[in-house]
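In what follows, a structure is listed as structure tokens, so that the remarks can point back to it.
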Amino acid sequence: MDIKDAIALVTGASRGLGKAYVQALLDAGAQKIYVAARKLMEVTDPRLQPIKLDITDPQEVARAAEECQDVNILINNAGLMLSSPLLEAPSMENARKEMDTNYFGTLAMCRAFAPVLKRNGGGALVNMLSVVSWYTFPLNGSYSASKAAQWSLTNGIRVELRQQGTLVVGVYASYIDTDMASHVDYKKTAPEEVATRTIKAIAAGREEVLAGTESRAIRVALNTDPQAYYQRLQRIWDSGERW
């Protein structure tokens, strides 16, 4: 797909990876970008059009789809990570919030904008996933579950949208150097690298982006010996270290 003169919508666009996605689209020649966030953003670039959007609010999702009828690239970047184990967490509140945003919110956006993309020739739909879509990291168990659900969603809508010509791209990254992972002391991928790789994948028609060396290493490890990888995770959990 040619990014030049494309019209995109990026959720969670106010900072971090969302901001990097917006810049990567601008650098690639996008004509207009709807920058969506919970609070209306202030912009100076005439190519940017702010919209207020909470992806967990059905009315706001419906309004966004109605107002942004010219979109041919949708980047579902908005997400939530609350660093909660599955059983050790004091309640299921964080798990519900993560699932509501990462799975149900993303699904709502896909359902609302699939007809828009169809009318505009198919276009591309990008879901920002994670390496924990493939396995469960015990210190972040409920987030892992929500990302596994989002991975399943991505694979399912790819089948449903193929006939209308929509490219569905799944982006897999380990920790990204943004506010979301600021509490984690671990090597991180620059958001600009993730965004640039994703835009190149859209242009090339690729359905999968492994962003950063860590995501590629984890994919290899899981394909080679998943039991050994989970033994490593067990040692991390048994060490008693917590964020």
note = Checked pairs for segment 118-146, first closer than 23 Å to L86 by Cβ, second β-branched (V, I, T) and assigned to a loop (DSSP other than H, G, I, E, B), C-beta under 8 Å and 6 or more apart or across chains, list as S144/T136; A145/T136
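Looking only at segment 35-80, how many residues end up being closer than 30 Å to A95 by Cβ and either touching a Phe, Trp or Tyr at 6+ places or on another chain (Cβ under 7 Å) or not charged (D, E, K, R) (or both)? I'd like the intermediate steps shown before the answer.
Just the residues of segment 35-80 that are closer than 30 Å to A95 by Cβ, to begin with: 35-41, 51-65, 74-80.
If we keep only those that are either touching a Phe, Trp or Tyr at 6+ places or on another chain (Cβ under 7 Å) or not charged (D, E, K, R) (or both) as well, we get 35-37, 40-41, 51, 53, 55-56, 58-59, 61-62, 64-65, 74-80.
So the answer is 22.
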ask   = Scanning for something modelled with pLDDT of 95 or more, closer than 22 Å to A201 by Cα and touching a Ser or Thr at 6+ places or on another chain (Cβ under 6 Å), does segment 68-76 turn up at least one residue?
value = yes
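In segment 27-59, which residues are hydrophobic (A, V, I, L, M, F, W, C) and surrounded by 15 or more Cβ atoms within 10 Å (Cβ to Cβ)?
Within segment 27-59, the subset hydrophobic (A, V, I, L, M, F, W, C) is 28, 30, 33, 35-37, 40-41, 43, 48, 51, 53, 55.
Those that are hydrophobic (A, V, I, L, M, F, W, C) and surrounded by 15 or more Cβ atoms within 10 Å (Cβ to Cβ): A28, A30, I33, V35, A36, A37, M41, L48, I51, L53, I55.
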inquiry  = Given the criteria closer than 27 Å to M1 by Cβ and at pLDDT 90 or above, does L167 qualify?
reply    = yes
message = Looking only at segment 210-230, filter to residues that are among the aliphatic types (A, V, I, L, M) and closer than 19 Å to A190 by Cβ; which one of those is surrounded by the fewest Cβ atoms within 10 Å (Cβ to Cβ)?
response = A217
note = Picked from segment 107-126 (must be assigned to a helix (DSSP H, G or I) and not aliphatic (A, V, I, L, M)), the residue farthest from A149 (Cα to Cα) is R119
request  = Filter segment 107-126 for residues that are under 17 Å from the mean Cα position of the chain (by Cα) and closer than 18 Å to A62 by Cβ and give the result.
outcome  = L107, A108, M109, C110, R111, A112, F113, A114, L125
inquiry  = For segment 178-193, check the following and say yes or no: at least one residue is at pLDDT 95 or above and small (G, A, S).
reply    = no
query = Out of all the residues in segment 67-106, which are within 19 Å of the chain's Cα centre (by Cα), among the aliphatic types (A, V, I, L, M), in a loop (DSSP other than H, G, I, E, B) and surrounded by fewer than 21 Cβ atoms within 10 Å (Cβ to Cβ)?
reply = L80, L82
query = Do any residues in segment 156-170 that are more than 11 Å from C110 (Cα to Cα) have Cβ atoms under 8 Å from those of residues that are assigned to a strand (DSSP E or B) and not hydrophobic (A, V, I, L, M, F, W, C), where the two are at least six apart or on different chains, and which pairs are they?
reply = V169/N127; V169/E208; G170/N127; G170/E208
request  = Only residues that are farther than 12 Å from P138 by Cβ, assigned to a helix (DSSP H, G or I) and either aromatic (F, W, Y) or in contact (Cβ under 8 Å) with a residue 40 or more places away in the chain (or both): list them for segment 211-243, please.
outcome  = E214, S215, I218, R219, L222, P226, Y229
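The values are calculated or read from the model by the stated rules, or taken from the named source; none is laboratory data. Small disclaimer: the values here were computed from a predicted structure and weren't measured. Cβ: placed from backbone, ideal geometry, glycine included. Neighbour counts: every protein chain shown.
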